[in-house]
Amino acid sequence: QVQLVESGGGLVQPGGSLRLSCAASGSIFGFARMAWYRQAPGKERELVARIFSGGSTNYATSVKGRFTISRDNAKNTWYLQMTSLKPEDTAVYYCAGAPYSSSAGRYDYWGQGTQVTVSS
């Protein structure tokens, strides 16, 4: 069974930085695309960043220039480096992965979420 586990969340002051990690375990060849989503209280879940196995990336407008997504294909692990954090970034962050067998746009595997709180 494939499982994703996030780590690296916590409390941080505005302007600070955090790095989130998503580690996949289980039998899997690899991921065609990997992503980070977040959900703040009272708001819909939103796509924060996405990376393809080849390295192409996409970012939400709200985080562009502040967040960087990266991946280690050999380790089936991906990361979200967050800098210049704002209170508006406070949310539960979820990692998601799509194996090569997944349909376009679908993420078959999800982590349980890690809380990021930016407090002023």
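Applying a DSSP loop filter and a limit of 14 other Cβ atoms within 10 Å to the trypsin sites (Lys or Arg not before Pro) in the range 56-120 leaves Lys64, Arg106.
Taking 0.36 nm per residue of sequence separation and removing the Cα-Cα distance, the Trp110/Gln1 pair yields an extension gain of 38.0 nm.
Surface composition of the range 6-115: carbon plus sulfur atoms contribute 47% of the solvent-accessible area (1.4 Å probe, protein chains only, all chains present). Computed over the range 1-56, the P(r) tail beyond 18 angstrom holds 50 percent of alpha carbon pairs.
Computed from the Cβ-Cβ distance with R0 of 41 Å, the FRET efficiency linking Thr117 to Ala32 stands at 0.80. The modelled label-to-label distance for the pair Asp72/Ala40, using points 7 Å beyond Cα in the direction of Cβ, is 3.2 nm.
Pair-distance distribution of the chain: all C-alpha pairs, bin width 5 Å, starting at 0; shares per bin in whole percent are 2, 12, 24, 26, 19, 10, 5, 1, 0.
What translational diffusion coefficient, to the nearest whole µm²/s, does the range 55-110 have by Stokes-Einstein, given a Kirkwood radius computed over alpha-carbon pairs, a temperature of 4 °C and 1.567 mPa s viscosity? It comes out at roughly 99 µm²/s. Across the chain, C-alpha contacts under 8 Å between residues 6 or more apart give a mean separation that, scaled by the residue count, equals a relative contact order of 36 percent.
The values are calculated or read from the model by the stated rules, or taken from the named source; none is laboratory data. These numbers were taken from a predicted model, which means no experiment stands behind them. Glycine gets a Cβ as well: all are built from the backbone with ideal geometry, and neighbour counts include every protein chain shown. These accessible areas exclude ligands, DNA and RNA; they are computed on the full protein's heavy atoms, side chains included. Shrake-Rupley method; radii C 1.70, N 1.55, O 1.52, S 1.80 Å.
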